[in-house]
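Please read the structure below before turning to the comments.
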Amino acid sequence: MGRPKQFDPETAVEQAMQVFWRQGYAATTPQDLVDALGIGKGSLYNAFGSKHALFELALRRYRDKQAQALVELLGGDGPAKERLRGALRLLTEMDLTDPDRRGCMGINTAAELAGADAVASELVRRMFDRTEEAFRALVEEGQRSGEIAPGRDARAVASMLLSTLIGLRLLGRLAEGPERLDRVVDATLDSL
C-alpha cells in the first residue's frame, strides 16, 4: 500500500498558480514549485506528471476564477455602460494594488508562450473568446437599452473592448497611479 498524499492537490494547484503568475512559465523552476508547495520533487512529479502539466492546471484555475469573475461582473444588474466601467476600473484597481504587479496571467502567458506552446495558447485563446463573448452580450444589451449606438457592430465593439482590456492590464503592470488607466476607461466608454 502506498503512502497517502501529504498535501491537497487543489491547494497545490492554487499555490502553483501564484508562482507561475508571479514569475511566468519559463522563469519558474521545479525547485520554485517544490518550495512553494512544500512537497518533494517526487511528490510533485507523481501528483502532476510534469511542470508543464501543473502549469496547465494552474492556467485553467486562473481562467476559471478570474475570467468567470469578469463575466459575472459584466452580466450583473444596472446600466450596461456602468457595469463595463465598473469591471474595467475594478481590474485596473486590482493591478495597481497588487504589490507584485502581476497583471493578468492569461495575457502574460500569451506574451510569453504564444506560438511556442500550443496548449497554453489555446487555453488563453479560449479565455479571450469567453471574455469577448461577454463583452458582445453586454454591447447588445446596451444597444437594446439605447445606451450604445444600435448601428455599431457588436462583435467589432467587443473585439475593441477585449483589446482595450488587454492594454489596460499591461499598462497596469507599469502605471504609477490610476490617471492614465482612468483616461483609457473613460475614453473607451465615451466612444460607445
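Values quoted throughout were computed directly from the atomic coordinates according to the rules given, and no laboratory measurement underlies them. None of these values were measured; they are calculated from a predicted model. We place every Cβ from the backbone using ideal geometry, glycine too, and count neighbours over all the protein chains shown.
Structural size metrics of the range 59-191, computed from C-alpha coordinates, are Rg and Dmax of 14.6, 44 Å. Annotation: the residues 182, 8, sorted from fewest to most other C-beta atoms within 10 Å of their own C-beta, follow the order 8, 182. Close lysine pairs were tallied over the chain: pairs 8 or more places apart or on different chains with Cα atoms under 22 Å apart number 4.
Which FRET efficiency value, to the nearest 0.05, do you get for residue 45 and residue 182 by plugging their Cβ-Cβ distance into 1/(1 + (r/R0)^6) with R0 = 41 Å? Numbers along the way, then the final one.
On the way: r = 46 Å, r/R0 = 1.12.
E(calc), rounded to 0.05, equals 0.35.
Projecting the Cα atoms of 184, 139, 159 onto the charge dipole of the range 59-191 (Cβ charges, centred on the Cα centre) puts 159 farthest toward the positive pole. Here the Karplus relation 6.51 cos²θ - 1.76 cosθ + 1.60, evaluated at θ = phi - 60°, turns the backbone of the range 115-129 into coupling constants of x, 10, 9, 5, 5, 5, 4, 5, 4, 5, 4, 5, 5, 5, 4 Hz, with x for every Gly and Pro. Highest average first, the peptides 159-166, 112-119, 67-74 ordered by how many other beta carbon atoms sit within 10 Å of their residues are 159-166, 67-74, 112-119. Looking at the range 29-65, none of the chymotrypsin sites (Phe, Trp or Tyr not before Pro) sits in a DSSP loop with at most 13 other Cβ atoms within 10 Å of its own Cβ.
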